[in-house]
1. So which lysines pass the test for residue 6, namely a Cα distance under 23 Å, with those fewer than 8 places away in the same chain ruled out?
2. For residue 52, what residues show an amide H to amide H distance below 5 Å, using hydrogens built from the backbone and excluding near sequence neighbours?
Amino acid sequence: MILTVKALQGEEARLQVSQEDRISTVKKLVAEKLQVPVGQQRLLYKGKALADEQRLSDYSIGPDSKLNLVVKVTERPSPEEPPKAMSPQPRGVWFLLSQVLARHFSTSDAEKILEYLQKDYERSLRLLSLDDIERLATRLLHPQMLEAMEMGFLD
């Protein structure tokens, strides 16, 4: 049967599926068609969120049905993390990286790798000391001072 998945941004994908397919299978097809990682997808049918382990038939989803796709933001700040506005990395980098990974790995492997990279990046940020942050800020704001320090003019 043909199933239509429509993202809130207006993009749409038509998928060939079976009523016995699991929602997780549909999400993998959506990831391939719309380049949205499975971990960031939330599929809705008639306003109800669909669980990955359920089958399309469990929700009475039949031919020519339309699902809505909500793209979730994967970076959830915890209380000890700085707000998103402070993040030096634009969110677009993760999307671009997911596209590159998708070209070289299976969908599930690409998602695992991207998730690992995001966690490692966040962990690395949390481990920065104030001295590390000061050095980075100096390099970014005053590159000429860094050159002078490297040449031994400043201590």
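Bear in mind these aren't lab numbers, they're just calculated from the coordinates by the rules spelled out. Note that the coordinates shown come from a computational prediction; the quantities given were computed from them, not determined experimentally.
1. Counting by Cα, and skipping residues close in sequence, residue 6 has these lysines nearby: 27, 28, 33, 46, 48, 66, 72.
2. none
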